[in-house]
Each structure stands twice: as C-alpha cells, then as structure tokens.
Amino acid sequence: MALASDDPKIRQIGENSHGVVFLGVPHRGSSIAKLSQQASVLWPTVEVKDLEENAPELLKLNEKFLENIMHMKTPMEVVSIVEGTSTRIFQNLKLHVVPISSAYLGYGDFFISQENHLNLSKPLSQNSFLYLTVVNLIEKILKQQIKAHE
C-alpha cells in the first residue's frame, strides 16, 4: 500500500523497505479458516473470512504486493517460511495451519521449517534456523545498502 500511495511520505516507507520475512503467511488462504468459522471456536473473528482458501481479497492483495515489488528500483528481498509440522489445535486434533502451497509466494526464498505454526516466530536459540535466516537476510540487505552508498 505504501508503494502505491499518492502521499510521498507514505510512498517513501515502501521505497525504503528492502526486505520482508513471511512466517507462516497463507498467501492463498487456508482451509482451517473455513473450519474455524464453522466451529466458531478457533478464531471467531471477522478477519478469518479473508483468510479462506482463494479468498478474492487475499489473492488481490498478494497480486498487488508482487506487482509493486517488481517495479521497485532495488529488488525486494523476500523470505517465506512455513511450518513443516502439524500444530495441535485440540487434544487429538493436529493440523497444518498454513499449507505449503499457500505459503509459497512465488517470489524470493522459500523454506519449510521443522517448527509448527505457533512456534514459527519463536526461535529456540541464536543458532536456530529461523533466527539465522532472519539475521542473514538483514545482513544481506545491509551489505547491499552499504555497497549502493559507496
């Protein structure tokens, strides 16, 4: 949205963004969103409807994001990481919250973690794959920026 803004100050936020990490983001939605609405237990919020598989607004949002980053002066660094193991929803119910096919944006680096959905944003240590992936992305962007300003 920032890249497409008519306000130069807002647009500058987008132009000065050089990387993004998506942790378990359902770019094409998730069937669990439909399940949660039917059960009215997991996430009984209005926003869940927008996360249903192939929800038009969600697909449009992703299309717009890809379109905008393709026209940036400096290519956007994108890393997407999805859960590789099921998440325990109830005592006997384990599900992949975000399917691999939905987590792949179609641009940037893509990794399947050994974590479940709830643990994607909780690296166990500074040696964990999740932590190192984010640090490596930040270092890569910083090196690019230093080189561009030399």
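Some values worked out for this structure:
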| item | result |
| --- | --- |
| When residues of the range 55-64 are limited to those that are open to solvent by less than 60 Å² (accessible area, probe 1.4 Å) and out of contact with any Asp or Glu (no Cβ under 8 Å at 6 or more places or on another chain), the one farthest from Gln145 (Cα to Cα) | Ala55 |
| Index of the failed condition, Met70 passing every other in (1) open to solvent by 40 Å² or more (accessible area, probe 1.4 Å); (2) more than 13 Å from Gly106 (Cα to Cα) | (2) |
| Only listed residue being without any contact (Cβ under 8 Å) to a residue 24 or more places away in the chain and in contact with a Ser or Thr (Cβ under 6 Å, 6 or more places away or on another chain), chosen from Lys143, Lys94 | Lys94 |
| Pair list, Cβ under 9 Å, 6 or more apart: the range 68-90 residue farther than 17 Å from Ser31 by Cβ, other residue open to solvent by 60 Å² or more (accessible area, probe 1.4 Å) and among the small types (Gly, Ala, Ser) | Thr74/Ala148 |
| Single condition Val97 does not satisfy, out of (1) out of contact with any helix residue (DSSP H, G or I) (no Cβ under 6 Å at 6 or more places or on another chain); (2) closer than 19 Å to His27 by Cβ; (3) not in a helix (DSSP H, G or I) | (1) |
| Those residues of the range 65-91 which are within 30 Å of Ala148 (Cα to Cα), of a type in the set (A, V, I, L, M, F, W, C), at pLDDT below 90 and not in a helix (DSSP H, G or I), in sequence order | Met72 |
| Residue list for the range 1-35, restricted to those being of a type in the set (Ser, Thr, Tyr) and open to solvent by less than 50 Å² (accessible area, probe 1.4 Å) | Ser5, Ser17, Ser30 |
| Residues of the range 75-95 classified as among the small types (Gly, Ala, Ser) and closer than 24 Å to Asn16 by Cβ, total | 1 |
| Test: residue in the range 128-144 that is at positive phi, surrounded by 12 or more Cβ atoms within 10 Å (Cβ to Cβ) and in a loop (DSSP other than H, G, I, E, B) | no |
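The values are calculated or read from the model by the stated rules, or taken from the named source; none is laboratory data. In this text the structure is predicted, and so the values were computed from the model without any measurement. Reconstructed Cβ throughout: ideal geometry from the backbone, glycine too, with neighbour counts over all protein chains shown. Accessible surface areas use protein heavy atoms only, side chains included; no ligands, DNA or RNA. Shrake-Rupley method; radii C 1.70, N 1.55, O 1.52, S 1.80 Å.
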